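Quick notes on the structure that follows.
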Amino acid sequence: MERYLTRLPFWEMLTEQEKERVRNASTLRRYKKGAFIHSGGNECLGMLLLLEGEIRTCLLSDEGREVTLFRVYPGGLCVLSASCVISQITFDTQITAQQDTAVLIIPAGITASLKERNIHVRCFLYELAAQRFSDVMWSMQQILFKGLDRRLADFLLAEQERTGSDVIPMTHEQIAQHISSAREAVARMLKHFSGDGLVELRRGAVVLRDTDALKKLGNC
């Protein structure tokens, strides 16, 4: 547990008593790919430190439509699962595991206590919340002001940069979830990209063939 907790940016700013409380209360949980980690009506989990895998945070409408807000990768923290800790967070989110995932959970009660007693933790939490809000605003900007072709091109290029590979191992459904679109629309656009020689479509994957053309399309 100690080797995981030392990854917390504010760990060295805690008192020995605070560190001991966090050690005793924190838990390690594993989730299978596709599993729900948190949704608005569930218990307030607290702070999540992602150790392995990937998690996706989204809004879910009454009709079942999903809008991706942001994704978190190993080493990242999530506080939108702790709206009962930060009262200014007033909307409910749904968090799912995109891969087999391991997270370290610092319970809401401990997180709230640290926020009230330790100025370093309080500042960190609000800075992280502000960063996530910026991520949300970027996602909304993409949806509202960019066409599907540009959003799809930007997404494929971002995944290439993040993974260092031209092969994007995602289905049409997974890509559609990430860019908040319909699977059918994404499938049609990918077929169009393939016809233009920008990508190659494989079972469960998309291979980038002309990144320069994708960059021009994304910057249009």
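The values are calculated or read from the model by the stated rules, or taken from the named source; none is laboratory data. Treat the numbers as computed from the prediction; the structure is a model and nothing was measured. No Cβ is skipped: glycine too gets one built from the backbone with ideal geometry, and neighbour counts run over all protein chains shown. Calculation scope for accessible area: heavy atoms of the full protein, side chains included, ligands and nucleic acids excluded. Shrake-Rupley method; radii C 1.70, N 1.55, O 1.52, S 1.80 Å.
Label sites at Arg209 and Met13, each approximated as a point 7 angstrom past Cα along Cα to Cβ, lie 5.1 nm apart.
Heavy atoms of the protein chains alone define the surface here; on that basis region 1-67 has 59 Å² accessible area per residue at 1.4 Å probe size. Shown for the chain: lysine pairs separated by 8 or more places, or found on different chains, whose C-alpha atoms are under 21 Å apart, numbering 6.
Counting protein heavy atoms only, the chain has 50 percent of its accessible area on carbon and sulfur, 1.4 angstrom probe. With all protein chains kept in place, the per residue accessible area of region 74-210 amounts to 49 square angstrom at a probe of 1.4 angstrom. Each label point was placed 7 Å from the Cα along the Cα-to-Cβ direction; for Lys191 and Cys44 their separation is 4.9 nm. What does the charge count around Leu77 come to, taking other residues whose C-beta lies under 10 Å from its C-beta (Lys +1, Arg +1, Asp -1, Glu -1)? Every neighbour counted, the sum reads +2. Largest GNM mean-square fluctuation among Cys78, Cys123, Cys44, using the chain with Cα springs under 10 Å: Cys123.
Between Gln99 and Glu2, the simple label model (points 7 Å from Cα in the Cβ direction) yields a spacing of 2.9 nm. Taking each residue as 0.36 nm, the span from Arg117 to Gln141 lengthens on full extension beyond its C-alpha to C-alpha distance by 5.0 nm.
Above 21 angstrom, tally the Cα pairs of region 147-220 and express them as a % of all pairs, no decimals. Across region 147-220, Cα pairs with separations above 21 Å total 10 percent. Among the chymotrypsin sites (Phe, Trp or Tyr not before Pro) within region 130-220, not one is in coil by DSSP while having at most 12 neighbouring Cβ atoms inside 10 Å.
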